[in-house]
Amino acid sequence: MGLFKAIGGAVGGTLADQWLDFFTVPDGIAPTAAIFAAVQRTQNAGRGANVKGSEGIITNGSKILVPEGYGLILMQDGAITGFTSEPGPYVWDSNAQDSQSIFAGNGLVSPLIKTSWERFKFGGRPMSQQAAYFVCLKELTNNRFGTQSEIYWDDAYLNAQVGAMTRGTYTLRILDPILFVKNFMPATYLRPGTVFDFTDVNNDAATQLFNEVVGSLSQAFSLYTNDPAKGNRITKIQADSVGFAQSLSQAVEAGYQWYSARGLVIEKTAIVSIEYDERTRELLQTVQRADALSGARGNANMQASVAAGFQAAGESGGAAGLLGLGMAAGTTGLAGLQQPVPGVGPGSVPAAAAPAPAAPVQAAPPAPAPAAPAPAAEDPMATLAKYKEMLDAGLITQSDYDAAKAKVLGL
């Protein structure tokens, strides 16, 4: 008993000449319509006529045309008695021995739908009159979400709690029409002439889904930004429509069992805007600046800063200014930030450094009284080695080095 596929071409040909019911999708149906009643055609391709059928009710022998992208649900007294997800022409016959099971056709039916049927199938043989409803199996677009105040989540990239306001859209897909009709869709939509549309502002069930999505956004952002597979970067989220949809779908499933109890899933998202709060914007700028100055890029930036300092010191203080800046670089550790130069380092003698000439011996005049010992002078070789390292690293010019050399050697 149930639905079985009609012979190819029969619905548009021989069967159209008979005075039988013929049902299909109503004209002008909105692309966002999810579930709606099948409508009866008084003529089939201009052939045959039947104006005696009851609205929304099909009888044995009725012909039903299921278009691509839609499934067909048959109901009797509020109970589901038939379903098919494969497009094509069908005949309803409750007594035919060769008709297929509730799952008519050879199309793919998900295990979830089969499980739902075993839980909810109509007990006993169906009666002769059935109500037919089409369910859209395509992505249902233009579902909107948005927050009126900031939502907060822990962000792995920023290593802190961040807050933002956001808005965008998402697409839905009904994966299990049996679960959806049985567990969620209000009975008021199971009558001829009504349409269940997720985007209808007067649809209280759709409004509930909207509120559940908004309530899941914080967890969805947290799932996305703390997932190493997604790079832990919130900045990628606006370009990753599928990745964030997976996080959002996971969040609504955890909180409201969209898939397991309602047969619904979020397919894609499009985030229109993310507006961070002031504290998060400041934190994001700080972390981005730190990223920009890390590694080789930061080393090069520091070298350029030190070189600019040497140039300014040379212009303002000559060799004395360069000598002072070089000694400051050594004492503060700035010299350690430069790129290493093979063969040059503390304790090594540069090839270009000439040995210091012996100081001339002069007779010292007798001192009237012994003076306090003068502080030990810095080793000229060590000082020249530091300047040679800075010259080889490109931090000072040859003329700067020559001037510093003359200063140290007293030339």
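The values are calculated or read from the model by the stated rules, or taken from the named source; none is laboratory data. Values in this document were obtained by computation on a predicted structure and should not be read as measured data. In this analysis, Cβ positions are derived from the backbone assuming ideal geometry, glycine residues included, and neighbour counts consider all displayed protein chains. These area figures cover heavy atoms from the full protein model, side chains too; ligands, DNA and RNA do not enter into them. Shrake-Rupley method; radii C 1.70, N 1.55, O 1.52, S 1.80 Å.
Okay, here's what the table says:
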quantity: Selection from the stretch 389-411 of residues that are within 17 Å of Asp379 (Cα to Cα) and open to solvent by 70 Å² or more (accessible area, probe 1.4 Å); calculated: Lys407, Leu411
quantity: The stretch 255-281 residues that are free of Cβ contacts under 8 Å to residues at least 12 places away in the same chain, paired with ones that are in a loop (DSSP other than H, G, I, E, B) and of a type in the set (Gly, Ala, Ser) (beta carbon under 6 Å, 6 or more apart); calculated: none
quantity: Residue ID - nearest to Val252 (Cα to Cα), chosen from residues in the stretch 151-169 that are open to solvent by 10 Å² or more (accessible area, probe 1.4 Å) and touching an Asp or Glu at 6+ places or on another chain (Cβ under 8 Å); calculated: Met165
